[in-house]
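Visitor: A single structure is presented below for examination.
Every number here is computed from the coordinates shown, using simple stated rules; none is lab data. It should be emphasised that the depicted structure is a prediction, and the values quoted were computed from it without experimental measurement.
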Amino acid sequence: MAERFKEYKMIHVAEGALGTMFLGASGLPLKKIEARLNEEAQEGWNVVFQVIEQKRLMLFWQREAMVITLGR
């Protein structure tokens, strides 16, 4: 049986645009994501679902972003 939450929160984290344009790819800021998830966990939030998406950036580049759904 799936766990049910009373409220949900979405977090959107994207890789840096400058790194994508000048280096071709910069990657998701993992330390920033980790710190944010630790802060949210202290407030009682749990990760319910996450997805990594590819977005177009200024016609020529692809940029990765992560969408994280939290519940409590």
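Visitor: Tell me which aspartates and glutamates have Cα within less than 16 Å of LYS6's Cα, excluding those fewer than 8 residues away on the same chain?
Guide: GLU40, GLU43
Visitor: Cα to Cα, under 25 Å, and not fewer than 8 places away if on the same chain: which lysines meet these conditions relative to LYS55?
Guide: Qualifying lysines at Cα under 25 Å: LYS9, LYS31, LYS32.
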